[in-house]
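Following: one structure in C-alpha coordinates, then a few remarks.
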Amino acid sequence: MRPCRTEMSTKFLNFSCNFRHAFVLPHGHQVQWFPGHMQKGIAQLLSRLRSIDCVLEIHDSRVPFSGRTPLFKDLMKMKAHVLLLNKCDLADISRKNDIVHRLKEEGVDKVLFTNLTDPKSKVIKRELFPVIVEAIHSKPRFNRETSQDYEMAVIGVPNVGKSTFINYVRHTHTTMKKKSLKVGAIAGVTRSVSGKIRANFNPPVYLTDTPGILTPRVSDVEEGMKLALCGCVPDHVVGEDLVVDFMLYWFNKHRDFRYMEHFNLPEPTDDVTVLLNHVAKENNFIKRMKSIDSNNYDYFPDYIASARLVLKQFREGALGPALLDDI
Ligand SMILES: Nc1nc2c(ncn2[C@@H]2O[C@H](COP(=O)(O)OP(=O)(O)OP(=O)(O)O)[C@@H](O)[C@H]2O)c(=O)[nH]1
Ligand SMILES: [Mg+2]
(Lines give C-alpha, C1' and ligand atoms only; values in the text may rest on other atoms or scores of the structure.)
(Ligands and ions follow the chains in the order given, each with its own letter.)
Protein backbone atom coordinates (compact mmCIF):
# COMPACT_ATOMS: atom_id res chain seq x y z
CA MET A 1 0.00 0.00 0.00
CA ARG A 2 1.26 3.52 -0.86
CA PRO A 3 1.96 5.53 2.28
CA CYS A 4 -0.38 8.48 2.64
CA ARG A 5 0.95 12.03 2.63
CA THR A 6 0.81 12.51 6.39
CA GLU A 7 2.46 9.14 7.08
CA MET A 8 5.24 10.06 4.70
CA SER A 9 5.56 13.54 6.17
CA THR A 10 5.94 12.15 9.70
CA LYS A 11 8.40 9.48 8.62
CA PHE A 12 10.73 12.00 7.02
CA LEU A 13 10.16 14.88 9.40
CA ASN A 14 13.69 14.69 10.82
CA PHE A 15 15.07 15.36 7.32
CA SER A 16 13.18 18.60 7.10
CA CYS A 17 15.12 20.25 9.96
CA ASN A 18 17.93 21.05 7.55
CA PHE A 19 15.74 22.24 4.70
CA ARG A 20 15.82 25.87 3.51
CA HIS A 21 13.43 28.31 5.12
CA ALA A 22 13.47 30.77 2.24
CA PHE A 23 14.13 30.57 -1.46
CA VAL A 24 16.97 32.79 -2.60
CA LEU A 25 17.84 33.33 -6.25
CA PRO A 26 21.54 33.06 -7.11
CA HIS A 27 23.31 36.37 -7.48
CA GLY A 28 22.45 38.12 -10.75
CA HIS A 29 19.27 36.10 -11.37
CA GLN A 30 15.78 37.60 -11.36
CA VAL A 31 12.33 36.75 -12.57
CA GLN A 32 11.87 39.37 -15.21
CA TRP A 33 10.20 38.97 -18.58
CA PHE A 34 8.69 41.98 -20.25
CA PRO A 35 9.28 41.73 -24.00
CA GLY A 36 8.14 44.44 -26.43
CA HIS A 37 4.89 42.70 -27.34
CA MET A 38 3.67 43.10 -23.75
CA GLN A 39 4.24 46.86 -23.77
CA LYS A 40 2.49 47.06 -27.16
CA GLY A 41 -0.33 44.84 -25.87
CA ILE A 42 -0.93 47.16 -22.90
CA ALA A 43 -1.13 50.20 -25.23
CA GLN A 44 -3.54 48.39 -27.60
CA LEU A 45 -5.70 47.21 -24.71
CA LEU A 46 -5.92 50.66 -23.14
CA SER A 47 -6.83 52.24 -26.50
CA ARG A 48 -9.78 49.80 -26.83
CA LEU A 49 -10.98 50.24 -23.27
CA ARG A 50 -13.79 52.68 -24.19
CA SER A 51 -15.65 49.97 -26.07
CA ILE A 52 -15.08 47.24 -23.47
CA ASP A 53 -17.93 46.41 -21.06
CA CYS A 54 -16.13 43.85 -18.95
CA VAL A 55 -12.65 42.51 -18.36
CA LEU A 56 -12.50 38.77 -18.07
CA GLU A 57 -9.32 38.01 -16.22
CA ILE A 58 -7.99 34.48 -16.48
CA HIS A 59 -5.50 33.25 -13.92
CA ASP A 60 -4.00 29.91 -12.96
CA SER A 61 -5.95 28.32 -10.10
CA ARG A 62 -2.73 26.87 -8.66
CA VAL A 63 -1.79 30.45 -7.71
CA PRO A 64 -5.13 32.10 -6.98
CA PHE A 65 -3.67 35.04 -5.03
CA SER A 66 -0.23 35.67 -6.37
CA GLY A 67 1.16 36.73 -9.72
CA ARG A 68 -1.79 38.85 -10.89
CA THR A 69 -0.39 41.86 -12.73
CA PRO A 70 -1.05 45.18 -10.89
CA LEU A 71 -2.45 46.66 -14.13
CA PHE A 72 -5.31 44.14 -13.95
CA LYS A 73 -6.12 45.20 -10.43
CA ASP A 74 -6.44 48.80 -11.70
CA LEU A 75 -8.67 47.74 -14.62
CA MET A 76 -10.84 45.85 -12.15
CA LYS A 77 -11.72 49.14 -10.45
CA MET A 78 -12.71 50.82 -13.73
CA LYS A 79 -14.65 48.07 -15.49
CA ALA A 80 -16.94 45.19 -14.67
CA HIS A 81 -14.64 42.29 -13.83
CA VAL A 82 -14.90 38.51 -13.67
CA LEU A 83 -11.99 36.32 -12.57
CA LEU A 84 -11.74 32.85 -14.07
CA LEU A 85 -9.43 30.56 -12.14
CA ASN A 86 -8.51 28.16 -14.90
CA LYS A 87 -6.67 24.84 -15.06
CA CYS A 88 -8.53 23.73 -11.95
CA ASP A 89 -8.01 20.14 -13.14
CA LEU A 90 -4.38 20.66 -12.02
CA ALA A 91 -5.10 22.54 -8.80
CA ASP A 92 -6.00 21.48 -5.31
CA ILE A 93 -9.26 23.36 -4.92
CA SER A 94 -10.60 21.37 -2.00
CA ARG A 95 -10.81 24.68 -0.08
CA LYS A 96 -12.65 26.46 -2.88
CA ASN A 97 -14.84 28.46 -0.49
CA ASP A 98 -11.83 29.77 1.41
CA ILE A 99 -10.21 30.83 -1.87
CA VAL A 100 -13.36 32.67 -2.96
CA HIS A 101 -13.69 34.27 0.46
CA ARG A 102 -10.13 35.60 0.45
CA LEU A 103 -10.50 36.92 -3.11
CA LYS A 104 -13.69 38.70 -2.05
CA GLU A 105 -11.70 40.39 0.72
CA GLU A 106 -9.29 41.54 -1.97
CA GLY A 107 -12.20 43.08 -3.91
CA VAL A 108 -12.72 40.30 -6.46
CA ASP A 109 -16.47 39.63 -6.37
CA LYS A 110 -17.08 37.32 -9.28
CA VAL A 111 -14.96 34.18 -9.40
CA LEU A 112 -15.49 31.07 -11.51
CA PHE A 113 -13.36 27.93 -11.58
CA THR A 114 -12.83 26.47 -15.03
CA ASN A 115 -11.27 23.42 -16.58
CA LEU A 116 -10.95 23.89 -20.32
CA THR A 117 -9.82 20.31 -20.86
CA ASP A 118 -13.33 19.23 -19.97
CA PRO A 119 -15.30 19.38 -23.22
CA LYS A 120 -18.59 19.52 -21.28
CA SER A 121 -17.80 22.29 -18.80
CA LYS A 122 -21.05 23.28 -17.08
CA VAL A 123 -19.44 26.49 -15.89
CA ILE A 124 -18.84 27.68 -19.45
CA LYS A 125 -22.15 26.34 -20.73
CA ARG A 126 -24.48 27.62 -18.03
CA GLU A 127 -22.82 29.88 -15.47
CA LEU A 128 -20.50 32.08 -17.50
CA PHE A 129 -22.85 34.43 -19.38
CA PRO A 130 -25.29 35.07 -16.51
CA VAL A 131 -22.34 35.98 -14.24
CA ILE A 132 -20.84 38.29 -16.90
CA VAL A 133 -24.16 40.02 -17.66
CA GLU A 134 -24.74 40.55 -13.94
CA ALA A 135 -21.25 42.01 -13.55
CA ILE A 136 -21.77 44.36 -16.51
CA HIS A 137 -25.10 45.65 -15.21
CA SER A 138 -23.67 46.22 -11.75
CA LYS A 139 -21.44 49.04 -13.08
CA PRO A 140 -22.21 52.12 -15.21
CA ARG A 141 -21.60 51.42 -18.92
CA PHE A 142 -21.19 55.13 -19.79
CA ASN A 143 -21.05 55.56 -23.59
CA ARG A 144 -22.25 51.97 -24.08
CA GLU A 145 -25.39 52.28 -21.94
CA THR A 146 -27.78 51.69 -24.88
CA SER A 147 -25.66 49.11 -26.63
CA GLN A 148 -27.30 45.69 -27.04
CA ASP A 149 -24.10 43.74 -27.46
CA TYR A 150 -21.47 42.92 -24.84
CA GLU A 151 -17.81 43.34 -25.50
CA MET A 152 -15.13 41.81 -23.32
CA ALA A 153 -11.37 41.77 -23.18
CA VAL A 154 -9.79 38.53 -22.03
CA ILE A 155 -6.70 39.41 -20.02
CA GLY A 156 -4.20 37.62 -17.81
CA VAL A 157 -0.58 36.61 -17.39
CA PRO A 158 0.91 34.35 -20.12
CA ASN A 159 -0.04 30.71 -20.62
CA VAL A 160 -3.12 30.64 -18.39
CA GLY A 161 -5.50 29.65 -21.20
CA LYS A 162 -6.89 32.95 -22.55
CA SER A 163 -6.87 31.92 -26.21
CA THR A 164 -8.05 28.40 -25.35
CA PHE A 165 -10.95 29.95 -23.44
CA ILE A 166 -12.05 32.08 -26.42
CA ASN A 167 -11.86 29.08 -28.77
CA TYR A 168 -13.84 27.04 -26.25
CA VAL A 169 -16.59 29.63 -25.74
CA ARG A 170 -16.90 30.24 -29.46
CA HIS A 171 -17.16 26.52 -30.08
CA THR A 172 -19.75 26.05 -27.30
CA HIS A 173 -21.98 29.04 -27.91
CA THR A 174 -21.88 29.62 -31.66
CA THR A 175 -22.13 27.52 -34.78
CA MET A 176 -18.59 28.56 -35.77
CA LYS A 177 -16.68 25.41 -34.95
CA LYS A 178 -13.31 26.31 -36.41
CA LYS A 179 -10.67 27.26 -33.82
CA SER A 180 -9.84 30.87 -34.40
CA LEU A 181 -6.83 31.45 -32.15
CA LYS A 182 -3.45 29.81 -31.86
CA VAL A 183 -2.72 28.22 -28.48
CA GLY A 184 0.35 26.49 -27.06
CA ALA A 185 1.87 25.15 -23.86
CA ILE A 186 4.55 27.85 -23.72
CA ALA A 187 4.26 31.42 -22.52
CA GLY A 188 3.99 34.14 -25.14
CA VAL A 189 2.03 32.45 -27.95
CA THR A 190 -0.31 35.43 -28.49
CA ARG A 191 1.73 38.50 -29.41
CA SER A 192 -0.91 41.17 -30.10
CA VAL A 193 -4.47 42.18 -29.28
CA SER A 194 -6.95 40.44 -31.59
CA GLY A 195 -9.98 41.86 -33.35
CA LYS A 196 -13.48 41.29 -31.94
CA ILE A 197 -14.34 37.59 -31.93
CA ARG A 198 -18.00 36.62 -31.85
CA ALA A 199 -18.63 34.28 -28.94
CA ASN A 200 -22.42 34.22 -28.67
CA PHE A 201 -25.42 35.19 -30.83
CA ASN A 202 -28.10 35.97 -28.29
CA PRO A 203 -27.15 38.13 -26.46
CA PRO A 204 -24.41 39.18 -28.91
CA VAL A 205 -21.09 38.71 -27.12
CA TYR A 206 -17.70 39.62 -28.53
CA LEU A 207 -14.37 38.65 -27.00
CA THR A 208 -10.99 40.23 -27.61
CA ASP A 209 -7.85 38.17 -27.03
CA THR A 210 -4.78 39.86 -25.58
CA PRO A 211 -1.16 38.79 -25.09
CA GLY A 212 -0.25 37.57 -21.62
CA ILE A 213 1.06 40.51 -19.62
CA LEU A 214 3.43 40.38 -16.67
CA THR A 215 4.61 43.16 -14.46
CA PRO A 216 7.90 44.63 -15.79
CA ARG A 217 9.70 43.61 -12.62
CA VAL A 218 8.42 40.91 -10.26
CA SER A 219 9.78 42.09 -6.91
CA ASP A 220 8.66 39.13 -4.79
CA VAL A 221 10.98 36.23 -5.62
CA GLU A 222 8.61 33.46 -4.50
CA GLU A 223 5.69 35.01 -6.37
CA GLY A 224 7.78 35.15 -9.54
CA MET A 225 9.01 31.59 -9.07
CA LYS A 226 5.45 30.31 -8.60
CA LEU A 227 4.55 31.84 -11.96
CA ALA A 228 7.65 30.27 -13.49
CA LEU A 229 6.73 26.87 -12.01
CA CYS A 230 3.26 27.12 -13.55
CA GLY A 231 4.82 27.95 -16.94
CA CYS A 232 3.75 31.61 -17.09
CA VAL A 233 7.34 32.66 -17.72
CA PRO A 234 9.40 30.86 -20.39
CA ASP A 235 11.80 28.39 -18.77
CA HIS A 236 14.90 29.87 -20.39
CA VAL A 237 14.27 33.20 -18.62
CA VAL A 238 14.83 31.74 -15.15
CA GLY A 239 16.55 28.45 -16.02
CA GLU A 240 14.89 25.03 -15.90
CA ASP A 241 17.08 23.76 -13.05
CA LEU A 242 16.29 26.80 -10.92
CA VAL A 243 12.56 26.32 -11.44
CA VAL A 244 12.89 22.68 -10.33
CA ASP A 245 14.91 23.87 -7.34
CA PHE A 246 12.00 26.11 -6.39
CA MET A 247 9.57 23.22 -6.81
CA LEU A 248 11.69 21.14 -4.43
CA TYR A 249 11.88 24.00 -1.94
CA TRP A 250 8.13 24.47 -2.09
CA PHE A 251 7.33 20.76 -1.54
CA ASN A 252 9.81 20.50 1.34
CA LYS A 253 8.56 23.70 2.95
CA HIS A 254 5.07 22.17 3.05
CA ARG A 255 6.42 18.82 4.27
CA ASP A 256 4.88 17.33 1.16
CA PHE A 257 7.18 14.58 -0.09
CA ARG A 258 5.13 13.22 -2.97
CA TYR A 259 7.95 14.10 -5.39
CA MET A 260 10.04 11.46 -3.61
CA GLU A 261 7.56 8.72 -4.32
CA HIS A 262 6.87 9.93 -7.85
CA PHE A 263 10.53 10.05 -8.87
CA ASN A 264 11.51 6.99 -6.84
CA LEU A 265 13.93 8.81 -4.58
CA PRO A 266 14.99 6.87 -1.45
CA GLU A 267 14.56 9.92 0.80
CA PRO A 268 13.61 13.60 0.62
CA THR A 269 16.25 16.02 -0.53
CA ASP A 270 16.71 19.76 -0.54
CA ASP A 271 19.47 19.55 -3.13
CA VAL A 272 18.24 19.90 -6.68
CA THR A 273 21.31 18.18 -8.14
CA VAL A 274 20.43 15.02 -6.20
CA LEU A 275 16.97 14.97 -7.80
CA LEU A 276 18.22 15.86 -11.30
CA ASN A 277 21.01 13.31 -11.11
CA HIS A 278 18.56 10.63 -10.06
CA VAL A 279 16.09 11.49 -12.84
CA ALA A 280 18.95 11.55 -15.38
CA LYS A 281 20.08 8.09 -14.26
CA GLU A 282 16.57 6.62 -14.30
CA ASN A 283 15.85 8.00 -17.77
CA ASN A 284 19.29 7.59 -19.25
CA PHE A 285 19.68 11.30 -19.88
CA ILE A 286 23.38 11.42 -20.67
CA LYS A 287 25.27 14.30 -22.25
CA ARG A 288 28.40 13.52 -24.29
CA MET A 289 31.18 16.12 -24.35
CA LYS A 290 34.56 16.00 -25.98
CA SER A 291 37.38 16.19 -23.44
CA ILE A 292 39.72 19.16 -23.86
CA ASP A 293 42.92 17.23 -23.18
CA SER A 294 42.26 14.04 -25.11
CA ASN A 295 40.24 13.08 -28.15
CA ASN A 296 37.89 11.02 -25.99
CA TYR A 297 34.35 11.77 -24.95
CA ASP A 298 33.26 12.37 -21.37
CA TYR A 299 29.73 11.50 -20.25
CA PHE A 300 27.68 13.59 -17.82
CA PRO A 301 24.12 13.46 -16.48
CA ASP A 302 21.98 15.82 -18.59
CA TYR A 303 20.49 18.08 -15.92
CA ILE A 304 18.55 20.23 -18.37
CA ALA A 305 16.78 17.21 -19.91
CA SER A 306 15.99 15.98 -16.38
CA ALA A 307 14.70 19.40 -15.30
CA ARG A 308 12.48 19.61 -18.39
CA LEU A 309 10.98 16.21 -17.61
CA VAL A 310 10.35 17.11 -13.96
CA LEU A 311 8.66 20.38 -14.96
CA LYS A 312 6.58 18.72 -17.66
CA GLN A 313 5.32 16.16 -15.14
CA PHE A 314 4.57 18.76 -12.49
CA ARG A 315 2.73 20.98 -15.00
CA GLU A 316 0.70 18.09 -16.38
CA GLY A 317 -0.41 17.20 -12.86
CA ALA A 318 1.47 13.88 -12.67
CA LEU A 319 2.59 14.74 -9.11
CA GLY A 320 -1.01 15.42 -8.13
CA PRO A 321 -3.02 18.60 -7.70
CA ALA A 322 -1.16 21.62 -6.34
CA LEU A 323 -2.00 24.86 -4.60
CA LEU A 324 1.12 26.99 -4.47
CA ASP A 325 -0.44 29.83 -2.46
CA ASP A 326 -1.20 29.55 1.22
CA ILE A 327 -4.79 30.34 2.11
N1 LIG B 1 -4.68 21.24 -17.95
C2 LIG B 1 -5.22 22.31 -18.53
N3 LIG B 1 -4.59 22.92 -19.55
C4 LIG B 1 -5.16 24.01 -20.09
C5 LIG B 1 -6.39 24.54 -19.63
N6 LIG B 1 -6.69 25.64 -20.36
C7 LIG B 1 -5.69 25.81 -21.23
N8 LIG B 1 -4.77 24.83 -21.09
C9 LIG B 1 -3.51 24.67 -21.81
O10 LIG B 1 -2.66 25.75 -21.44
C11 LIG B 1 -1.79 26.08 -22.51
C12 LIG B 1 -1.83 27.57 -22.74
O13 LIG B 1 -3.05 27.93 -23.36
P14 LIG B 1 -3.21 29.27 -24.19
O15 LIG B 1 -4.67 29.41 -24.48
O16 LIG B 1 -2.26 29.35 -25.33
O17 LIG B 1 -2.78 30.35 -23.08
P18 LIG B 1 -2.73 31.94 -23.22
O19 LIG B 1 -3.15 32.49 -21.92
O20 LIG B 1 -3.47 32.38 -24.42
O21 LIG B 1 -1.17 32.16 -23.41
P22 LIG B 1 -0.40 33.43 -24.08
O23 LIG B 1 -0.96 33.61 -25.45
O24 LIG B 1 1.01 32.98 -24.07
O25 LIG B 1 -0.61 34.58 -23.18
C26 LIG B 1 -2.25 25.25 -23.71
O27 LIG B 1 -1.38 24.14 -23.83
C28 LIG B 1 -3.64 24.81 -23.33
O29 LIG B 1 -3.99 23.56 -23.91
C30 LIG B 1 -7.06 23.86 -18.55
O31 LIG B 1 -8.12 24.22 -18.05
N32 LIG B 1 -6.40 22.76 -18.04
MG1 LIG C 1 -2.88 33.34 -26.14
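The values are calculated or read from the model by the stated rules, or taken from the named source; none is laboratory data. The model shown is predicted, which means the values in this text are computed figures rather than measured ones. Here Cβ is always computed from backbone atoms with ideal geometry, including for glycine, and neighbour counts include all displayed protein chains. These area figures cover heavy atoms from the full protein model, side chains too; ligands, DNA and RNA do not enter into them. Shrake-Rupley method; radii C 1.70, N 1.55, O 1.52, S 1.80 Å.
Annotations
- Two-site FRET efficiency, Lys182 against Gln148, from Cβ-Cβ distance with R₀ of 22 Å, rounded to 0.05: 0.10
- Loop-resident GluC sites (Glu not before Pro) (DSSP state other than H, G, I, E or B) in region 29-108 with no more than 16 further Cβ atoms inside 10 Å of their Cβ: Glu106.
- Helix 96-105 vs. the chain, principal-axis angle (Cα, 0 to 90°, nearest 10): 60 degrees
- Sequence of Arg198, Arg191 from largest to smallest accessible area, 1.4 Å probe: Arg191, Arg198
- Per-residue ellipticity at 222 nm computed for the chain from its helices equals -10500 deg cm²/dmol, with DSSP H segments shorter than 4 residues left out and the rest contributing -39,500 (n - 2.57).
- Sparsely packed GluC sites (Glu not before Pro) within region 108-176, loop by DSSP, other Cβ within 10 Å at most 10: Glu145
- Taking 4 °C and 1.567 mPa s as conditions, region 19-90 diffuses translationally at an estimated 87 µm²/s according to Stokes-Einstein applied to its Kirkwood radius (Cα pairs).
- Cα point-scatterer Debye curve for region 194-327, base-10 log of I(q)/I(0) at q = 0.11, 0.21 Å⁻¹: -0.55, -1.22
- Karplus 3J(HN,Hα) series, Hz, for region 193-202 with 6.51 cos²θ - 1.76 cosθ + 1.60 (x for Gly, Pro): 5, 7, x, 6, 10, 5, 10, 6, 8, 9
- Sorted largest first, the principal axis extents computed over the alpha-carbon atoms of region 31-73 equal 31, 26, 13 Å.
- Take the chain with all the other protein chains still there, run a 1.4 Å probe, and you get 50 Å² of accessible area per residue.
- Evaluated at q = 0.12, 0.24, 0.25 Å⁻¹: base-10 log I(q)/I(0), Debye formula over Cα of region 196-255: -0.47, -0.97, -1.03
- All Cα-Cα distances of the chain, cut into 20 Å bins from zero to the largest, leave 29, 52, 17, 1 percent in each bin in turn.
- Prolate/oblate/rounded label for region 36-209 (Cα gyration tensor, a/c 1.5): rounded
- Taking GluC sites (Glu not before Pro) across region 252-327, the ones in a DSSP loop with at most 14 further Cβ atoms lying within 10 angstrom of their Cβ are Glu316.
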